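The values are calculated or read from the model by the stated rules, or taken from the named source; none is laboratory data. The shown structure was predicted, so the numbers you read here are calculated from the model rather than taken from an experiment. A quick note on method: Cβ atoms are made from the backbone with ideal geometry, for glycine too, and the neighbour counts reach across all protein chains shown.
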Amino acid sequence: MEIGNDLQRSKSATNCSSSSLSWLKRAKMDKSMFVKIKTLGIGAFGEVCLACKVDTHALYAMKTLRKKDVLNRNQVAHVKAERDILAEADNEWVVKLYYSFQDKENLYFVMDYIPGGDMMSLLIRMEVFPERLARFYIAELTLAIESVHKMGFIHRDIKPDNILIDLDGHIKLTDFGLCTGCLAHSLVGTPNYIAPEVLLRKGYTQLCDWWSVGVILFEMLVGQPPFLAPTPTETQLKVTLTFPSPMYRPATDLITKLCCAAEDRLGRNGADDIKAHSFFHSMDFSTDIRRQPAPYVPKISHPMDTSNFDPVEEERVSVEKRCLREGKEPPWRTGASIEERSLHGKKVPP
């Protein structure tokens, strides 16, 4: 039965129209076909866990979203966008969606399990990246974002938490809940990584994703984002770059040309602008970078190893779920997106 009929039976609980989520076609499967192994991350509408499919024993990352919360917080369009983009994407830079289905209470996305964890967890462990590692990851991030742009979308939430590292050390993008078309006006994203034109809500394009790349490169080399502030308003007042000395000159030049006014930003003519920058002097973009050895390969001892994801203690999970249901921020949650949504492997600082 379609989700519209499910909602009609529980209309009083969700207080929404019966057709609000009819876009999500139900596959001939249900959650009993999967066994939950471990929680990887939690968010506003549910959680992501490592799950095993009962019949094939294949491992997946399963995102569970509570229908009631998605509907009550008017996030249907964002959830639909994520599902559509993951289903449409057919490249190695984006997490693959294998199944999407639903039951009376929840929506389920069954995706690649990427065992190397997220970039934020690696940044916290290493504090700063060697220049060679930063160059490699920014080169791959450039190609990953280019693939999203070629599909006609703006990611709008490029940040270390949404960059996953596979077992060979290469990256994949995840969390497309804020993705949109080529021109947008709404204020979404994560404060520390938001481009000024997004904050001003005067209309912005795919160029806003390249601003985020500059912020991430700064964070990789310095150890913190250049515009560190808890709210969008405070972030808007801090968009002035200050580099520590000494710092690799091509890196500072690339960051400066990415974290600038949109009309002057590198990437106006596409990703080739960025690939041609001297920071990538040792990178050959004409070859398949994903087939090259990565400078860092995560330690993975067995197929169900989740050690590269930060532990999500049951008590912490319970507290965060309660706070989010009450519309409050958990005391340890920083850098959260302006529009709350489900997170894939979200880093929870101690």
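A few remarks follow.
- Evaluation of Glu234 against (1) farther than 22 Å from Met119 by Cα; (2) modelled with pLDDT of 85 or more; (3) part of a helix (DSSP H, G or I) (one fails), failing number: (2)
- Filtering segment 197-211 to residues that are part of a helix (DSSP H, G or I) and β-branched (Val, Ile, Thr) leaves only Val198.
- The lone exception for Asp166 - which of (1) under 26 Å from Leu199 (Cβ atoms); (2) of a type outside the set (Ser, Thr, Tyr); (3) in contact with a Lys or Arg (Cβ under 8 Å, 6 or more places away or on another chain); (4) assigned by TED's automatic domain parsing to the domain that holds Val215 it fails: (1)
- Of the residues in segment 124-134, not one is part of a strand (DSSP E or B), over 17 Å from Leu167 (Cα atoms) and free of Cβ contacts under 8 Å to residues at least 24 places away in the same chain.
- Residue in segment 79-97 that is surrounded by the fewest Cβ atoms within 10 Å (Cβ to Cβ), counting only those that are over 22 Å from Gly169 (Cα atoms) and of a type outside the set (D, E, K, R): Ala87
Every residue, every condition in (1) at pLDDT 85 or above; (2) under 24 Å from Leu173 (Cα atoms), yes or no:
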residue	(1), (2)
Gly189	no, yes
Val213	yes, yes
Thr240	no, no
Asp253	yes, no
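- The residues of segment 123-139 that are under 27 Å from Gly43 (Cα atoms) and surrounded by 22 or more Cβ atoms within 10 Å (Cβ to Cβ), listed by number, are Tyr137, Ile138.
Each row is one residue, and each column tells you yes or no for (1) within 30 Å of Asn74 (Cα to Cα); (2) at pLDDT 60 or above; (3) touching a Phe, Trp or Tyr at 6+ places or on another chain (Cβ under 7 Å).
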{"site": "Gly267", "(1), (2), (3)": "no, yes, yes"}
{"site": "Phe280", "(1), (2), (3)": "no, yes, no"}
{"site": "Ile289", "(1), (2), (3)": "no, yes, no"}
{"site": "Glu313", "(1), (2), (3)": "yes, yes, no"}
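- Condition met for Gly46 (at pLDDT below 85, among the small types (Gly, Ala, Ser) and touching a Lys or Arg at 6+ places or on another chain (Cβ under 6 Å)): yes
- Enumeration of residues in segment 257-293 that are assigned to a helix (DSSP H, G or I) and either among the acidic types (Asp, Glu) or loosely packed, with under 13 Cβ neighbours inside 10 Å (or both): Glu263, Asp264, Asp272, Asp273, Ser278, Arg291
- Count of segment 114-123 residues which are assigned to a helix (DSSP H, G or I) and either in contact with an Asp or Glu (Cβ under 6 Å, 6 or more places away or on another chain) or without any contact (Cβ under 8 Å) to a residue 40 or more places away in the chain (or both): 2
- Flag if Val128 is of a type outside the set (D, E, K, R) and out of contact with any Gly (no Cβ under 7 Å at 6 or more places or on another chain): no
- The requirement of being modelled with pLDDT of 75 or more, among the acidic types (Asp, Glu) and surrounded by 15 or more Cβ atoms within 10 Å (Cβ to Cβ) is not satisfied by Asp30.
- Just so you know, in segment 98-113 the residues that are in contact with a Phe, Trp or Tyr (Cβ under 6 Å, 6 or more places away or on another chain) and part of a strand (DSSP E or B) include one that is surrounded by the fewest Cβ atoms within 10 Å (Cβ to Cβ), and it is Phe101.
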